[in-house]
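Before any comments, here is the structure.
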Amino acid sequence: MNKRRLGNSSLEIGPLVFGGNIFGWTADEAATFQLLDAFVASGLNMIDTADVYSKWIPGHAGGESETIIGKWLAKRGNRDKVLIATKLGVEMAPGETGLSKAYMQRAVERSLKRLQTDYIDLYQAHRDDAETPMEETFEAFAALIRAGKVRAIGASNFKADRLAEALRLSKAHGLPRYESLQPWYNLYDRFDFEGALAELCQRENLGVIPYFGLASGFLTGKYRTEKDLEGRPRGYRVKNMMNERGMRILKALDTVAAEIEATPAQVSLAWLLARGVTAPIASATTLEQFKELLPATTLKLSPDAVKLLNDASATDAPESASHYAAPR
């Protein structure tokens, strides 16, 4: 599997990252073990999760995804074969949120315990924290790196100006910098990332590992009518994409997929790779779904195919897929 370096860090990742937000939610422990076994066997190596997954589910407290991953790591004894990326900063309980030094020290220990590991490969700020001075946050990250508990750090859901300021401050004070950005980016949701954020990442050599690479399943093409959403856990996320632009995107995906004998899901992920991202994050709840995603890592789209998809998804007035209830 062709690996690529994540920013200026020492981490080398495969061209597809497994999204762990489904673990303990739409994939139980047995299914998670099967999926992760297949993922590693394929030559891929980075699993992305967060401490808050899956707190949005009634009866869940957060930590469910990390806990299942930790059980899998312990049972398989293969910690050296995978890269674990997790996140902190979204509220876990009253007063347990943000990027202050005190909270980060508590949060990392909890994640390490759930993951049953001594270190986190990529520790990411899940959200910007305007209430905490950036220097305090980076000094806390630096302490975690010195202690061997974290190898590299990244950001998620940052705006361009705040990410630029974070990079400037890190350099000015000789502190570790964010080596990656995890933005919301896919063929439907293009407009928050493209432009200033994308240009900043390219200019500063930041890795880009976008989440919702398949737009919660919409870009697989399996949701064409509202009836298709019935009984689907993520149906509420997809409903607002079923508009004229969404159908135009699906038509373009169908056209490209038919021409190159691929599936819409494969084409959607290949489009992200063609746009220069390091590795998209995608989830699968069954082995069949995962096997469908795998060919996307080597699928090459022609310039004409990329243009067709770009044109189909373009708009002068970007339409949001709505704010998702699940924290990202």
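The values are calculated or read from the model by the stated rules, or taken from the named source; none is laboratory data. Just so it is clear, the model here is predicted, and its values are computed rather than measured. FYI the Cβ positions are ideal-geometry reconstructions off the backbone, even for glycines, and counts take in every protein chain you see. Note: accessible area is taken over every heavy atom of the protein model, side chains too, but ligands, DNA and RNA are not part of it. Shrake-Rupley method; radii C 1.70, N 1.55, O 1.52, S 1.80 Å.
Note on the chain: helix-only mean residue ellipticity at 222 nm, from DSSP H runs of 4+ residues weighted -39500 (n - 2.57) and normalised by residue number, equals -12000 deg cm²/dmol. Rolling a 1.4 Å probe over the protein heavy atoms of the range 1-137, with every protein chain left in place, gives an accessible area that is 47 percent carbon and sulfur.
Between the Cα long axis of helix 160-173 and the first principal axis of the chain there is an angle of about 30°, rounded to the nearest 10. Note on surface exposure: Val267, Val306 rank Val306, Val267 by accessible area, highest first, 1.4 Å probe.
Against the main long axis of the alpha-carbon atoms of the chain, helix 134-146 sits at an angle near 80°. Checking every one of the GluC sites (Glu not before Pro) in the range 254-298 against DSSP loop status and a limit of 11 other Cβ atoms within 10 Å picks out Glu261. Computed with a 1.4 Å probe over protein heavy atoms only, the accessible area of Asp161 comes to about 110 Å². Accessible surface area normalised per residue over the chain is 42 Å², counting heavy atoms of protein chains with a 1.4 Å rolling probe. Spin-label model, Lys101 to Glu131: label points 7 Å out along the Cα-to-beta-carbon direction sit 1.9 nm apart.
With a simple spin-label model that places each label point 7 Å from the Cα along the Cα-to-Cβ direction, the separation between Lys291 and His173 comes to 5.1 nm.
In the chain, the longest principal axis of the Cα atoms and the axis of helix 64-76 are about 80 degrees apart.
Against the criterion of solvent-accessible heavy-atom surface with a 1.4 angstrom probe, Ser170, Ser10 sort, most first, into Ser10, Ser170. Over 20 Å between Cα atoms, which of Lys87/Lys113; Lys3/Lys71; Lys113/Lys149; Lys71/Lys113; Lys222/Lys291; Lys251/Lys307 qualify? Among Lys87/Lys113; Lys3/Lys71; Lys113/Lys149; Lys71/Lys113; Lys222/Lys291; Lys251/Lys307, the Cα-Cα distance tops 20 Å for Lys3/Lys71. Where (i) 5, 20, 22, 18, 15, 10, 5, 2, 1, 1, 0, 0; (ii) 6, 27, 36, 24, 7, 0; (iii) 6, 25, 30, 20, 10, 4, 2, 1, 0, 0 are the candidate values, the label of the one calculated here for P(r) over Cα pairs in 10 Å bins from 0, in percent is (ii).
Each peptide in 16-24, 138-146, 40-48 was scored by the mean count of other Cβ atoms within 10 Å over its residues; highest first, the order is 16-24, 40-48, 138-146.
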